[in-house]
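This report concerns only the one structure given below.
The values are calculated or read from the model by the stated rules, or taken from the named source; none is laboratory data. Every value quoted in this text rests on a predicted model; they were computed, and no experiment measured them. No Cβ is skipped: glycine too gets one built from the backbone with ideal geometry, and neighbour counts run over all protein chains shown.
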Amino acid sequence: MADEDDRGTEELVSHLVATSGLERHDAARVVDEVVAFFSETPDAFVRRRHRELQRDGLANPEIFARVARELAGRPVAAPRLSERQIRRLVYG
């Protein structure tokens with residue numbers, strides 16, 4: 001499976017080089033950053049977003065609803081979580 005992932009990554013890097021004017025090393029760095037960003041587990045995403053939104057002054061009911069919407073819209077499939085499941089991820 002790693003070979004398939006490497007091939008897909010190389011194809012994406014080549015596509016970025018061809019379409020964006022980026023140098024190969026810059027395109028590879030961008031791809032690595034995007035892959036790392038979307039490799040975040042749903043649990044880690046929920047906890048991170050809760051902290052960020054709490055710092056912005058949002059209340060938990062608004063935070064839980066927003067996090068649920070954000071999870072549903074992520075390009076990498078994440079399981080649908082109820083507000084209760086999100087709350088449990090945050091508070092244990």
- Query: Does segment 12-21 contain any residue that is touching a residue at least 24 places away in the same chain (Cβ under 8 Å) and surrounded by fewer than 16 Cβ atoms within 10 Å (Cβ to Cβ)?
  - Reply: no
- What do you reckon, is residue 67 of a type in the set (A, V, I, L, M, F, W, C) and in contact with a His (Cβ under 8 Å, 6 or more places away or on another chain)? yes
- Meets criteria (at pLDDT below 95, surrounded by 14 or more Cβ atoms within 10 Å (Cβ to Cβ), under 18 Å from residue 81 (Cβ atoms) and not charged (D, E, K, R)) for residue 45: yes
